Amino acid sequence: MITWSFPPILGSKNDRELSRIRPIVKRINSIEEKLQQEPAEALQELTSKWQQHLARYHPLDIASKTAVEKMDEAALQKTAQALQQRLAVLRKEFSSLPSEVAPTAESIENAKAAFHHIEDRFGPARAKYLLQILPEAYAVVKNAARRLCGSQTRVSGQPLTWDMVHYDVQLIGGIALHRGLIAEMQTGEGKTLVATLPVYLNALTGLGVHVVTVNDYLAKRDSEWMGALYRSLGLSVGCLQNQMRPAERRAAYACDITYGTNSEFGFDYLRDNGMAQSRGEQVQRDHYFALLDEVDSILIDDARTPLIITGPAEQSAQPMLELKPQVQQLVKRQTALCNQLASDVKSHLESGDEAEAGLALFKLKLGQPRHRQFLRFMESPELRRLLEKTELQYQRQSFRKDIYQLKEELYFSIDDKRRDADLMEKGRLLLSPSDPESFTLPDFTTKLSAIDNDESLSREQKENAKKSLHEERNTRAASIHAISQLLSAYCLHERDVHYVVRGGKVTIIDESTGREMPGRRWSDGLHQAVEAKEGVKIEEETKTYATITIQNYFRLYEKLAGMTGTAETAAAEFHAIYHLDVLPIPTHAPNQRIDRNDQLFKTRRDKYQAVIRTVETAHQAGQPVLIGTASVEASETLARMLKLAKIPHSVLNAKHHEKEANIVAMAGQRGAVTVSTNMAGRGTDIKLGEGVAELGGLFVIATERHASRRVDRQLRGRCSRQGDPGCSQFFLSLEDDLMRNHGDPAQMAALIEQAKRNGTKIPPIGKLVESAQAQLEQRDAKGRKQILDFDDVMNLQREIVYDFRNNVLTNEDIRDLALQTIEESVTHGVQSHLADGDPLNPDFTPLREWARATFLIELSDPSNVAPEKLPSEVTKRVLASYEQRVEGVPAEFLEREERRALLFAIDHGWQEHLAEMDELRDGIFLRSQGQKDPLVEYKNEAFALFGTLMDQIKRDASSNLFHLAAGIQALKAKR
Ligand code: ADP
Ligand code: MG
């Protein structure tokens, strides 16, 4: 029997929680006693009984509507039967389900709808059942552990004999975890084994349980070690490792239980949702339950930097360099043209021809908005008004088409506001007189399907032809993009106004503050274009494909729980961000560790020397010492000094987790001296060697206080596991970072002096240091909160975009989705054209232009349609045109291409959006000097950007689809 020892710090709330749990522990133990009489098979039988019951709550895996519609009699029969079986077991609980599923498409669809209707209630139903079977299930796990005792397994390549049966405190920990609490259990209390309880219970659902560890080595170790237990009960266990290929990952996720590090889980999520090109490429299943080992390390220490997948940006520097001379030519011609326009303005003004002067001024602005003479003109209020008047006139509907003509007089036209440039026909001719088309995109889809349908080509030839087609398109797209950015660099970005060049680098100047912003880069190739213009080295550009913070990744899970030796000091943060409460669990045996007072020295040198002397004394007596350091550098210094003192030792820097785990495991042997950074060998159990207990156990010497008390407590916890003797001591100096930056060195120096004078001991300074630490912890927590607040904005957007993207990937009725996307973009487009125009005197030219450009159709005269009917009318025509074009095309081919068209639009839009959001966030902090709250500003602007993004995705997707359809049509015509 155990006598309960409660450390006095436990509050009464925790006491109450524990006393509620204790009766359950008693029940588990009494059930387990009975199980001891049963044959081993009884455990597996119980397991499959529970699994079977819970399988009723699995998601429905049944053919899509379109697939059902195509089914023959026999297939319908089979599907209806399968559905009938699924519903039968649920009907008692959910009476709204139909009693019969007939083998007709309609009846099947109805049954599916009824199922989806009740699906929301599965979560609570499942939870209720799990709670009900918990005592019996935990007894099964404990009993399985008992039966494993004495058996051999291999863990991390070493043979290991199983020798563990869950202690009562471990059962308490297991119950706390199932309730979604953070179980605070000291190092060495056997958290690895505690995990088996809630993991087994939740794995019975078949939804997949993820156990998250701090490194790959521990994921492997624990999955092998605890795998013996799970497998004996009939559950499957998988493990993720860094270098694994998608197929292996998919297999690991398909298991009942999957071990892995937070970044493996997080990156798989990003790859699945932001990059996969088909459902088959995705590896994860649901996010049901994640159990986090060393939860503080994952949710707090690792949460400072988000997970980011970057890749090379599509633009390479090559086209910039190649096209630079040509663009210089263009700019020179345009400048000449603009000089002429400027003198036209003057002469028209002189002759009193205001209208002509205004027109020339407008052209000048379109051609070179930063033309010297133009800027000078703009200093005159009259001329500014004249320009405004002209612009307004042209913006009126009836003149809109004339703007195109105006632009065609130029080599290229520039949009000052949008900061981009468009090459005009005249410019194209100048660049490539023989083939101006080489600066337009080839009709990709026509050519692609032509290749696909060319029967004279072998499979391999087709692949090659497609590949070179892709390459051609990419090269052309890259040239067009490069020209546009180079033009922008030459005509919109002025040296010493928008940027400076220093030390071979282009540095942006913030327009509102005039400050230089080193390290920041313009996105989308503009920075490279400016580098090309200035003739400095063009830097490689990377692009963010996908990103998420650790916090937001783990919020995806339906259930979350964690365990660690040190959670209490971060309890407020766990609660605020993850809604996780901390429950400290009593230790199995009373803790024997002696925490000696901190020692304080003036200099780092003094401190290290004292450490060496202390190690020497302990070492001579044979007591093992573990020296913890805050940095690799400190480890190396100490190692050098130990060598000089001729003390044999090992050094660990958290580089090779597995190798270091093996060394740390030996740190409790007689005479061992081990120097280790904080993270090295974490999670590895340090057992005491023979006779070491009598020498006082393991001696942990810490050479610095960390910014967070949690990390200090972790280090102390490396000794005195399971009631072993042991002691810990901190050695500090006034030169330590923490003391210099956050302590009160003067006060402490005075303490040292005083003690020296009086020949007394230095008073305990641990308390003083800890208050500095508490302040630092708060500051760091605030920093993490801020990252999260900003990411929350993005998180909502990410969810919407990923949902949409997943819908595109997995939706079997992709046609519906495509048509819906077109419809939305048509409606939006028509409405904004109507809103732009003069309602009394509508001009449909721009609308028709737009329809021609986007959907490649001629709208017959829309003026006899009532304005409110216009959106639906145009939609009808556009959709009809699409249907007509793709009619008769093999469904499989069309679906694949449609999916691709949509994905392309989403990914392109989202990646650009990520870059814009980055810029927005960077910029917003500069503004925070004003009165405005940066977060509020950020939210508002992010919201606006997102609206634009969604519209743009839909527009691009529609345009992609129509280009696809046009290609198909052209192909049909050729046949
Ligand atoms: P923690 O993760 O809590 O620091 P570990 O899971 O690494 O602890 O376990 C520490 C040691 O305690 C291991 O050597 C393990 O074998 C041992 N241990 C854990 N639980 C038991 C048990 N119920 N009976 C015997 N030994 C146990
Ligand atoms: Mg552990």
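Could you tell me which of rounded, prolate or oblate describes region 482-639, using a ≥ b ≥ c as the square roots of the eigenvalues of the alpha-carbon gyration tensor, with rounded for a/c under 1.5 and, failing that, prolate when a/b is larger than b/c and oblate otherwise?
Details: a/c = 3.73, a/b = 1.86, b/c = 2.00.
In terms of gyration-tensor shape, oblate.
Classify the chain as rounded, prolate or oblate from the Cα gyration tensor: take a ≥ b ≥ c as the square roots of its eigenvalues, call it rounded if a/c is under 1.5, otherwise prolate when a/b beats b/c and oblate if not.
It is oblate, given that a/c is not under 1.5 and a/b is not larger than b/c.
With a cap of 15 neighbouring Cβ atoms within 10 Å, and only residues DSSP puts in a loop, list the trypsin sites (Lys or Arg not before Pro) found in region 82-124. Present the calculation step by step, with values, prior to reporting the outcome.
Details: sites: Arg86, Arg91, Lys92, Lys112, Arg121; in loops: Arg91, Lys92.
Passing sites in region 82-124 are Arg91, Lys92.
Using a 10 Å cut-off on Cβ atoms, rank the peptides 528-535, 819-826, 634-641 from the highest mean neighbour count down. The partial results should precede the final answer.
Numbers: 528-535: 22.6, 819-826: 20.6, 634-641: 17.4.
Sorting 528-535, 819-826, 634-641 by mean packing, highest first, produces 528-535, 819-826, 634-641.
Please go through the residue pairs Lys876/Lys954; Lys220/Lys659; Lys407/Lys533; Lys13/Lys782 and name each one whose alpha carbons sit more than 20 Å apart in this structure. Write down the numbers at each step before the final one.
Working: Lys876/Lys954 17 Å; Lys220/Lys659 14 Å; Lys407/Lys533 25 Å; Lys13/Lys782 27 Å.
Lys407/Lys533; Lys13/Lys782, as the Cα separations exceed 20 Å there.
Starting from the exponent 0.38 and prefactor 2.2 Å, build the expected Rg for region 778-888 from its residue count and divide its actual Cα Rg by it.
1.56
Region 48-65 to region 639-700: how many Å between their Cα centroids?
About 50 Å separates the Cα centre of region 48-65 from the one of region 639-700.
To the nearest 10 degrees, how steeply does helix 814-836 sit against the main Cα axis of the chain, on a 0 to 90 scale?
With both axes taken from Cα atoms, the answer is about 60 degrees.
Quick one: if the Förster radius is 51 Å, what FRET efficiency do Glu437 and Arg154 give, using the C-beta to C-beta distance and rounding to 0.05? Walk me through the numbers on the way to the answer.
Numbers: r = 66 Å, r/R0 = 1.29.
Efficiency for this residue pair is about 0.20.
Enter the angle in degrees (range 0 to 90, nearest 10) between the Cα long axis of helix 444-453 and the first principal axis of the Cα atoms of the chain, meaning the one along which they spread out most.
80
Counting Lys +1, Arg +1, Asp -1, Glu -1, what net charge surrounds Arg154 among other residues with beta carbon under 12 Å of its beta carbon? Don't skip to the answer; put the middle values down first.
Working: positive: Lys220, Arg221; negative: Glu224.
For residues surrounding Arg154, the net value is +1.
Going by alpha carbons, how many degrees (0 to 90, nearest 10) lie between the helix axis of 41-55 and the longest principal axis of the chain?
Value to nearest ten degrees: 30.
So how far apart, in nm, are the two label points at Asp918 and Ala571 if each is 7 Å from Cα heading toward Cβ?
With each label placed 7 Å out from Cα toward Cβ, I get 4.1 nm.
Cut-off under 20 Å on the C-alpha distance; same-chain residues fewer than 8 positions from Lys34 excluded. Which aspartates and glutamates are left, in chain and number order?
Excluding near neighbours in sequence, the set is Glu45, Glu136, Asp168.
Using a 10 Å cut-off on Cβ atoms, rank the peptides 180-187, 478-485 from the highest mean neighbour count down. Can you show the working numbers first?
Details: 180-187: 23.6, 478-485: 21.4.
With the highest mean Cβ count within 10 Å placed first, the list reads 180-187, 478-485.
Can you compute the FRET efficiency between Ala891 and Glu408 using 1/(1 + (r/R0)^6), with r the Cβ-Cβ distance and R0 = 41 Å? Round to the nearest 0.05. It would help to have the intermediate numbers written out before the result.
Details: r = 43 Å, r/R0 = 1.04.
My answer for the efficiency is 0.45.
Which GluC sites (Glu not before Pro) in region 852-893 pass both tests, a DSSP loop state and at most 12 other beta-carbon atoms within 10 Å?
Glu858, Glu887
Can you find, among Ala355, Phe893, Gly622, the residue sitting farthest towards the positive end of the charge dipole of the chain, where Lys and Arg contribute +1 and Asp and Glu -1 at Cβ?
So the residue furthest toward the plus end is Gly622.
Quickly rank 707-713, 588-594, 790-796 as a protection proxy: mean count of other C-beta atoms within 10 Å, highest first. Numbers along the way, then the final one.
Values: 707-713: 21.1, 588-594: 16.7, 790-796: 18.3.
Output ranking for 707-713, 588-594, 790-796: 707-713, 790-796, 588-594.
No lab work stands behind these numbers, since they all come straight from the coordinates. None of the values given here were measured: they were computed from a predicted structure. Quick reminder, even Gly has a Cβ in these numbers, built from the backbone with ideal geometry, and neighbours come from all protein chains shown.
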